[in-house]
Amino acid sequence: MGDATESLCPRCLARIPAERHHQGDEVVLVKRCPEHGEFRTTVWRGGPSLSGWSRPKTPVRASVDHAGTERGCPFDCGICPEHRQQSCTVLLEITGRCNLACPVCFADAGAQAGPDPSLPVIEEWYRTALHKSGPHNIVQLSGGEPTLRDDLPAVIALGRELGFPFIQVNTNGVRLAADRDYAGELKRAGLFSVFLQFDGTEDRIYRAIRGRSLFLEKLLAIEHCAAAGLGVVLVSTLVPGVNTGNVGAILNLALELGPVVRGVHFQPAAYFGRHPEPPPGDARFTLPDLMRAIEEQTGGLMRMGHFRPPGCEHPLCSFHGNFLRLPGGGLRPLTEHAPACCCGTPEPENKGTGRAVSFVARQWAAPAAGETREPASLDAFLEDFRTNTFAVSAMAFQDVWNLDLERVRECCIHVVSPDGRMIPFCLYNLTSAEGAPLYRRRAC
């Protein structure tokens, strides 16, 4: 017997019982549908052990009107009363259009994309996020490719006017690279950070994952963000056999590109869309696999012991590490003094979420420039310290094969759906083995 949880059948999306079986140094999610049989998926491989990695925390529920409970989790999202975590990051999908045709895509972007939502519709989504999660959260403008909207600066300004101080754009960087003045427009509108798709340091990786060579465009986008004073977080989707051997090179380049590059966020590939058969075991790159790759490929500059489990979401979902860049290329780990959550929870047991998100906002924003301070002043010292901090994090998203409803109930990354509900990210993107969506295509 293992740790009991619940999941969904990959074939029919019915809720079914599941267990996490500990088999040596692996943890395997095992579930059985009365109609479609048994499914097994590796969710943790190697040390640290999952039991030693987990940490206790207190549920934090959003103080808003919940959705109903007619069908139960995960069918009553909005958020339902079973959810045990409030939001730290809220996504608004402001376009379905894209200027790439990536084989790896959460959003199925560009596939029969409809018209972009209007500014009044986006305003309602902002107000939904204000009502259901509050202004202290990070808002990520996503898609599709958000920079395809010529009114993106107006979308950003609208969010700032409504009270959100921390607005990011998730982007592939193509427009940022092509237009040297565009980053400045976004900065003036109120953007504080760019989440830049950055899958590797070689064009063969981009050809495999994104459909064409992009590496030089990524570097140019970063250069333009630096000139505009926008902080950049590199976001790497990791596909086994394609770029998992490039992890160390990504990190080393990110360190060289500081301080404009504030850190790297890794996302091991999840399997959305049509996948009639379970992904093989070697197609799963688990969090321990990634931590080991970081240590090995950086030559011990970053070690497994420098990373910490989340204090917000479920321990199977993420890790984070914070570092201080030293003269000469060294690093000093800061994680033992830093937040214990991808969204930066600074106290035990996940309290103080507003200050938590502010911590991450300061980390991801570009360092202050052009200020005159006495060299020995406390403000100068703190700004110099922040300038040289560097964050590494990872998020293991779930698909229908490894979905664990205990993890879902502790999710703090939510998408505002077109009909105004707050849906955990993994559920919003979830599809059956045949590609049938659970939530994404539901409309008002």
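Take 239, 408 and order them by how many other Cβ atoms sit within 10 Å, fewest up front. List each step's numbers first, then the result.
On the way: 239 19, 408 28.
Sorted ascending by nearby Cβ count, the order is 239, 408.
Which GluC sites (Glu not before Pro) does the range 14-54 hold that lie in a coil by DSSP with at most 10 other beta carbons within 10 Å? Before the final figure, lay out the partial values.
Values: sites: 19, 26, 35, 38; in loops: 35.
Those satisfying the criteria are 35.
Please list, in order along the range 411-426, the HN-Hα scalar couplings obtained from phi with the Karplus expression 6.51 cos²θ - 1.76 cosθ + 1.60 (θ = phi - 60°), rounded to whole Hz, x for Gly and Pro.
Each residue's phi maps through the Karplus curve to give 6, 10, 10, 10, 9, 7, 6, x, 8, x, 8, 9, 10, x, 3, 5 Hz.
Take each of the peptides 303-310, 142-149, average the number of other beta-carbon atoms within 10 Å over its residues, and list them starting from the highest. Spell out each step's value before the answer.
Details: 303-310: 20.4, 142-149: 23.1.
For the peptides 303-310, 142-149, the packing ranking is 142-149, 303-310.
Select from the range 387-444 those trypsin sites (Lys or Arg not before Pro) which occupy a DSSP coil region and have at most 16 other Cβ atoms within 10 Å, ordered by residue number. Please list the in-between numbers first.
Values: sites: 407, 409, 421, 440, 441, 442; in loops: 409, 421, 440, 441, 442.
Counting only loop positions with at most 16 other Cβ atoms within 10 Å, the trypsin sites (Lys or Arg not before Pro) in the range 387-444 are 441, 442.
We did not get these values from a lab; they are worked out from the coordinates using the rules stated. If you're wondering where the values come from, they're calculated on a predicted model, not measured in any experiment. Glycine gets a Cβ as well: all are built from the backbone with ideal geometry, and neighbour counts include every protein chain shown.
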